[in-house]
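The values are calculated or read from the model by the stated rules, or taken from the named source; none is laboratory data. A quick note: this is a predicted structure, and the numbers were derived from the prediction, not measured. Note that each Cβ is placed from the backbone with ideal geometry, even for glycine, and that neighbours are counted across all protein chains shown.
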Amino acid sequence: MKRRVFSGARPTGRQHLGNYLGAIQNYVALQDDYDCIYCIVDIHALTSLENTSELRMNIYEMMLDWLAAGLDPRKSILFIQSHVPEVMELHTLLSMVTPLGWLLRVPTFKEKVKLQPHNVNYGLVGYPVLMTADIVLYKAEVVPVGEDQLPHLELAREIAHRFNSLFGDTFPEPKAKLTSFPLILGLDGKEKMSKQADNDIEIALSPQETIDRVMTAVTDPARQYRNDPGHPEICNIYSLHRYFNPSQLDDIASQCRTAKIGCVDCKMLLAQGINSSLEPFRERRAALATKPQYIADVLADGAQRAKVIAQETLREVKQKMGLI
Ligand code: SF4
């Protein structure tokens, strides 16, 4: 039997290159070796969303990207978190075994308090408990995480461990599958690529939109004139060539250092590389976009398959806690 992987991602709508090169490609790669459950965590999104008018569209666009990028509903369970409400019931039960002190110490809770002081809601502090419920409801053994998410997973392991010691072995303590998510800088060359920072390149853009977007990128700040030699090692565009023009890397670096290539041409080369690499993805996405019912069916089927596992776990948890 394959080991089970669980991963959840917030519904952020159309995915960008950072999501694609980090999470999505990794999700696709894991499908053959693990029993994968991938979930769009809409309840988690509510901890920081006050306006939910775009939530449904964001879920739809994200799922289009996931499917077009190679997530396969025949291999993996793909569903929306709230469509399996058992997770909220398990969240409540796990919250009874989770000391408040553990949650108040979580660094991301403290960061969120600073980021949204007007909306420090109860869900924010309980976030790691819901995350634990997400994982253990499906008895997942493996969770793909970047190094920055390790403390969260450690807390999930502690909560699962505490439940097991109080009520008997029930949940596997989930292990991290450390993934070296490449840090993809945004077009500003400073911050991590993100929608919030408006420094992203969406993978579903048209070829011309991609060119326009890439042309706005900040490059080596020391290279002010066309004849100035550049420093590819500190240039954001160069770092993206690694993924989209790997065979030309040395050439681009030397042409940049000797000012044989200008930044506009270099950006055009990158945009062409992105466009040709994403062409099959974009074709699949366009075809999928004509079949919204198919997307709805994939999500409904995923929720149904997830529910079977969820109900069985929840029954076991309630029995062990003396509720049945
Ligand atoms: S030529 Fe390319 S690698 Fe060099 S600074 Fe300009 S964009 Fe960056």
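Go through (1) among the hydrophobic types (A, V, I, L, M, F, W, C); (2) under 23 Å from Tyr127 (Cα atoms); (3) out of contact with any helix residue (DSSP H, G or I) (no Cβ under 8 Å at 6 or more places or on another chain); (4) without any contact (Cβ under 8 Å) to a residue 12 or more places away in the chain and name the single condition Ala23 misses.
(4)
Restricting the search to segment 137-164, which residues are of a type in the set (Asp, Glu) and at pLDDT 90 or above?
Result: Glu141, Glu154, Glu158.
Taking the condition more than 22 Å from the chain's Cα centre (by Cα) and at pLDDT below 95, does Arg223 pass?
Considered against the rule, which asks whether it is more than 22 Å from the chain's Cα centre (by Cα) and at pLDDT below 95, Arg223 comes out as yes.
Among the listed residues Leu130, Leu166, Leu153, which satisfies the condition of being of a type in the set (A, V, I, L, M) and farther than 24 Å from Val84 by Cα?
After applying the criteria, what remains is Leu166.
Condition first: outside any helix (DSSP H, G or I) and among the small types (Gly, Ala, Ser). Now tell me which residues in segment 223-265 satisfy that.
Hits for segment 223-265 are Gly230, Ala259, Gly262.
Given the criterion in a helix (DSSP H, G or I), touching a His at 6+ places or on another chain (Cβ under 6 Å) and either touching a residue at least 60 places away in the same chain (Cβ under 8 Å) or away from the ligand (no atom under 16 Å from the Cβ) (or both), identify the matching residue among Ala286, Ala310, Ala271, Ala303.
Only one candidate qualifies: Ala303.
Of (1) near the ligand (Cβ under 10 Å from one of its atoms); (2) assigned to a helix (DSSP H, G or I), Ser277 satisfies all except one. Which?
The one condition Ser277 does not meet is (1).
Check His83, His16, His44 and return the single one that is within 28 Å of Thr210 (Cβ to Cβ) and either surrounded by 19 or more Cβ atoms within 10 Å (Cβ to Cβ) or at pLDDT 95 or above (or both).
His16
Do the conditions hold for Thr52, that is, is it part of a loop (DSSP other than H, G, I, E, B) and under 20 Å from the mean Cα position of the chain (by Cα)?
yes
Quick one: in segment 239-271, which of the residues that are hydroxyl-bearing (Ser, Thr, Tyr) and modelled with pLDDT of 95 or more is surrounded by the most Cβ atoms within 10 Å (Cβ to Cβ)?
So the residue we want is Ser254.
Residue under question is Ile237, and the condition is that it be more than 12 Å from the ligand (Cβ to nearest atom) and touching a Leu at 6+ places or on another chain (Cβ under 6 Å); does it hold?
no
List the residue pairs whose Cβ atoms are under 9 Å apart, where the first residue sits in segment 251-268 and is over 20 Å from Leu187 (Cβ atoms), the second is more than 7 Å from the ligand (Cβ to nearest atom) and among the small types (Gly, Ala, Ser), and the two are 6 or more positions apart or on different chains.
Lys260/Ser254
Exactly one of these conditions fails for Ser206: (1) small (Gly, Ala, Ser); (2) away from the ligand (no atom under 11 Å from the Cβ); (3) touching a Pro at 6+ places or on another chain (Cβ under 8 Å). Give me its number.
(3)
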